[in-house]
Amino acid sequence: MSTVEAPLYPIAVLIDELKNDDIQIRLNSIRRLSTIARALGEERTRSELIPFLSENNDDDDEVLLAMAEELGVFIPYVGGVEHAYVLLTPLETLCTVEETCVRDKAVESLCKIGSQMRENDLIEWFTPLVKRLAAGEWFTARVSACGLFHIAYPSAPETLKTELRSIYGQLCQDDMPMVRRSAASNLWKFAGTVESAHLKADIMQMFEDLTQDDQDTVRLLAVEGCAALGKLLEPQDCAARILPVIVTFSQDKSWRVRYMVANQLYELCEAVGPEPIRTDLLPAYVRLLRDNEAEVRIAAAGKVTKFCQILSPELAIQHILPCVKELSLDSSQHVRAALASVVMGMAPVLGKDATIEQLLPIFLSLLKDEFPDVRLNIISKLDQVNQVIGIDLLSQSLLPAIVELAEDRHWRVRLAIIEYIPLLANQLGVGFFDDKLGGLCMQWLQDKVYSIRDAAANNLKRLAEEFGPDWAMQHIIPQVLEIANDSHYLHRMTLLRAISLLGPVLGSEITCSKLLPVVVNASKDRVPNIKFNVAKVLQSLISVVDQSVVEKTIRPCLVELSEDPDVDVRYFAVQGLQSIDQVTMSS
């Protein structure tokens, strides 16, 4: 190829590849746009590549999505921010396509580019683009326009700002529900750039129009942004303009709108101040907790602790606690699970007496729930209630339930209990632990589920760290070592796992006298999986024991395993020997 033709090569290849029938070739070509742009240089990228992409009429959404994404980071390849406006044309075209994800990505890229453009360029190029899209004949253009106003507005002169507010108001009343939905979901972004005076007048009028829409999908998107909108207003304005809407929406005929209110109510509390919370939001929240739709009750139940934190304990006990009692007996397991994940956080809010009298019966009821996720969520928050009601009451009331859960048929419940045991042991003390929970810890080592056995081995290590080597020597080691004679090879593998974890915690003396002989003996096991795990354990113990023990006991054992018929056993044995050699050389 001659030197005259060489500069044309990248664009020619791109044209060929973008016309290829194979979508993967077209996709790869689009993803290499930055490479092609570098080869062409900034000027030819502006004059040839971008116009070509603007005219590209590919009908595959995946290719268009990739193009929208690539163009968002293309400013350096067209010559910097002073030439960023050239990227607007292809992205404007992508803002009008039918596929939603392509339009969303094009809007995202336009926002990225617009946020870097110079003020004059925004007025000259970006704002006219927004106006063209907003006046688009096809609804897709108008949907995309709603997401761009917050970029165009700040730099616009006063007359243009008035026009942009007017256009957005028209979009809020568009004939197409899809456009009104987009206007509702982007209103809070636009509101964040609008001056305070116009915020109270124009933006709040748009908000009120959207909240009265006959489509529930528009109303719920208006609700979704109300907390962000409320934070832009003064507390008194928020209480006067947004609060009544939310209270009305808490009784909306559409459960989706009520669901969104339940999700947003707590965030709105931060914007309105204490008095409106007590008089308006609290009754609305109680209604949502007792809603006839389970999805609404789930959303409301998940906020119960947060809501109690902004109320006085008296109000929480008087209004929220009766609802919590009802929810703990709810017919929907998902409502009970949502409540269980947060209910213990109420204990610090209500105080010790109210927790013992009112909350503990709810807690114990949920601990015995037939649905495992309810119990799991309660278990994960046990420490919160312990901080309030103390160890004595905890041990008397919770232990029977915990023992029952430790033997639950659902393995995830057993796993959650195991992970909580070290913290429980720390709170209950060594004597109580030995009497009540010690046997369970050994029982889990022989569970039929691998994750439980592995967690049980880790649990022993954490307990040894908590109570010390002497306690471990007396209460853990004798029972663990009995597993060496178990007929099930998986249980014997769990023993090796426990030894590898306990060795570093218990120290050289106990490891050499009690643990190492068991590992060496296991090297003669008939199961190859046991033998290569022996090699791995021996390798982990090299750093725990003295060098003389390594040479006298560990090396001969690994040498023997390195000659085993099984390839995996030989591999791990050789790795162990290499580790010994490295330690020897470094010392």
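Quick notes on this structure:
- Relative contact order %, the range 507-586, counting alpha carbon pairs below 8 Å whose residues are six or more apart: 32 percent
- Loop-located GluC sites (Glu not before Pro) in the range 508-587, at most 15 other Cβ atoms within 10 Å (DSSP): Glu563
- Rounded, prolate or oblate (a/c below 1.5 giving rounded, otherwise prolate when a/b exceeds b/c) for the chain by Cα gyration tensor: oblate
- In this label model, Asp16 and Arg526 are separated by 6.7 nm, measuring between points 7 Å along each Cα→Cβ vector.
- Tensor-based shape of the range 182-312 (alpha-carbon gyration tensor, a/c under 1.5 rounded, otherwise prolate or oblate): oblate
- Which of Ala239, Ser328, Gln358, positive extreme of dipole for the chain (C-beta unit charges): Gln358
- Part-to-part distance (alpha-carbon centres) for the range 171-241 and the range 439-507, which is given in Å: 60 Å
- Cα convex hull of the range 62-133, projected area averaged across orientations, nm²: 4.2 nm²
- Filter on Lys253/Lys368; Lys303/Lys461; Lys105/Lys231; Lys461/Lys514; Lys381/Lys536; Lys303/Lys368 - keep pairs with C-alpha separation over 26 Å: Lys253/Lys368; Lys303/Lys461; Lys105/Lys231; Lys381/Lys536
- For the range 557-573, putting each phi into the Karplus relation 6.51 cos²θ - 1.76 cosθ + 1.60 with θ = phi - 60° gives couplings of 5, 5, 4, 4, 5, 5, 9, 5, x, 7, 5, 5, 4, 4, 4, 5, 5 Hz, in residue order, rounded to whole numbers and with x for Gly and Pro.
- Exposure check, 1.4 Å probe, all protein chains in place: Asp353 carries approximately 120 Å² of accessible surface.
- Put a plus charge on the Cβ of each Lys and Arg, a minus charge on the Cβ of each Asp and Glu, and nothing anywhere else: the dipole of the chain about its Cα centre is then about 1380 debye.
- Between Ser451 and Gln24, the C-beta separation translates, for a Förster distance of 35 Å, into a calculated FRET efficiency of about 0.35.
- Rounded to the nearest 0.05, the FRET efficiency derived from the C-beta distance between Glu163 and Arg256 at R0 = 56 Å is 0.95.
- Spacing of the modelled spin labels on Glu82 and Val430, each 7 Å from Cα toward Cβ, amounts to 7.6 nm.
- Contact order relative to length of the chain, as percent, for alpha carbon pairs under 8 angstrom and 6 or more apart: 5 percent
- Rounded percent of accessible protein surface that carbon and sulfur make up, the range 507-586, 1.4 Å probe: 52 percent
- Relative packing of 438-451, 281-294, 253-266, which averages over residues the other C-beta atoms within 10 Å, highest first: 253-266, 281-294, 438-451
- Between Arg118 and Val559, the simple spin-label model (points 7 angstrom out along Cα→Cβ) gives 7.9 nm.
- Estimated [θ] at 222 nm from DSSP helical runs (n ≥ 4, -39500 (n - 2.57)) normalised by residues in the chain, nearest 500: -19000 deg cm²/dmol
- Calculated SAXS-style log₁₀ I(q)/I(0) at q = 0.14, 0.15, 0.23 Å⁻¹ - the range 507-586, Debye, Cα scatterers: -0.39, -0.45, -1.02
- Additional length obtainable on full extension of the chain from Val574 to Ala240, 0.36 nm per residue less Cα span: 112.6 nm
- Under 18 Å from Lys131, Cα to Cα: lysines that are on another chain or at least 8 residues apart: Lys161, Lys189
- Per residue, the solvent-accessible area of the chain (1.4 Å probe, heavy atoms of protein chains only, all protein chains present) comes to 45 Å².
- Note on Ser380 and Glu43: with the Förster distance fixed at 60 Å, the Cβ-Cβ geometry gives a FRET efficiency of about 0.50.
- Between Glu551 and Ser487, the contour length at 0.36 nm per residue exceeds the alpha carbon distance by 19.9 nm.
- Farthest towards the positive end of the charge dipole of the range 507-586, among the residues Val545, Val520, Ala573, is the Cα of Val520, using unit charges on the Cβ of Lys, Arg, Asp and Glu.
- Three-way shape label, the range 158-236, alpha-carbon gyration tensor, a/c 1.5: oblate
- Residue-span extension gain [Phe52 to Glu295] - 0.36 nm each, minus C-alpha spacing: 82.5 nm
- Under the convention that each Lys and Arg Cβ holds +1 and each Asp and Glu Cβ holds -1, the size of the dipole of the range 225-304 around its Cα centre is about 260 debye.
The values are calculated or read from the model by the stated rules, or taken from the named source; none is laboratory data. Note that this is a predicted model, so its numbers are computed, not measured. All Cβ positions, glycine included, derive from the backbone under ideal geometry; neighbour counts span all protein chains shown. Heads up: the accessible areas ignore ligands, DNA and RNA and are worked out on the full protein's heavy atoms, side chains in. Shrake-Rupley method; radii C 1.70, N 1.55, O 1.52, S 1.80 Å.
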